[in-house]
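See structure below.
The values are calculated or read from the model by the stated rules, or taken from the named source; none is laboratory data. Note that the structure is a prediction, hence the values are computed from the model and not measured. Cβ: placed from backbone, ideal geometry, glycine included. Neighbour counts: every protein chain shown.
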Amino acid sequence: MARHGDPGAVRWVESGGGPLVAVPETVLPFWTGADSEELDTDYDRACEVGGRVGLLPVGDSAALVLGDEPAATSYLPDLGTFVRRPAGRPERELPVRVPAALDAAVWEGELRWNVPGPVVLFDSARPGAAARTEGHLRVPLEPGPYLVRAGHLRPDPQTWIGLVRLSRPAP
């Protein structure tokens, strides 16, 4: 099994400028992205989410919106963390810094996200039905509740790391 520190083990998802979303596979067909006749598309709703993370209803579930900045994002399963990198930084050096970043990050409030199982991370402008064709990442989450915390770290003036950590609540 590849670990986050292994070369080439991390796949990054990028957006065309808007937020990324993690939508449960079971409700992917209900995410319309920017392709809708409605006045407020799912993409519009995702763009309105304030802060680094938020939840939007989709079908009988919810999508996790990774807002704030349209940064390339990956998921490190062994750390239960979405990692967001700034443009122009080498991809290979960032994942190695994440364990230390988790301890040093400035964390924001917490959300509770109930997922029915695996989710797909992709550009919120795309419809869910097309999300698996390219530019996506499948995140194999177990069904149930997760606590979601967003954080960030500036290890130096030219670098920032965005973090979205998923953890199971205490029973």
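Within region 55-73, at least one residue is more than 20 Å from His152 (Cα to Cα), out of contact with any strand residue (DSSP E or B) (no Cβ under 9 Å at 6 or more places or on another chain) and at pLDDT 95 or above.
Residues that are surrounded by fewer than 21 Cβ atoms within 10 Å (Cβ to Cβ), more than 21 Å from Pro116 (Cβ to Cβ) and either at pLDDT 95 or above or touching a helix residue (DSSP H, G or I) at 6+ places or on another chain (Cβ under 6 Å) (or both) occur in region 18-29; there is at least one.
A search for C-beta distances below 6 Å between a residue of region 146-171 that is more than 16 Å from Thr73 (Cβ to Cβ) and any residue that is of a type in the set (D, E, K, R) and in a strand (DSSP E or B), counting only pairs 6+ apart in sequence or on different chains, returns Leu147/Glu110. In the condition set (1) within 23 Å of Gly144 (Cβ to Cβ); (2) free of Cβ contacts under 8 Å to residues at least 60 places away in the same chain; (3) surrounded by fewer than 19 Cβ atoms within 10 Å (Cβ to Cβ), Ala62 is compliant with all but (3). Candidates in region 127-171 are the residues that are over 22 Å from Arg45 (Cβ atoms) and small (Gly, Ala, Ser); of these, the one that is surrounded by the most Cβ atoms within 10 Å (Cβ to Cβ) is Gly151.
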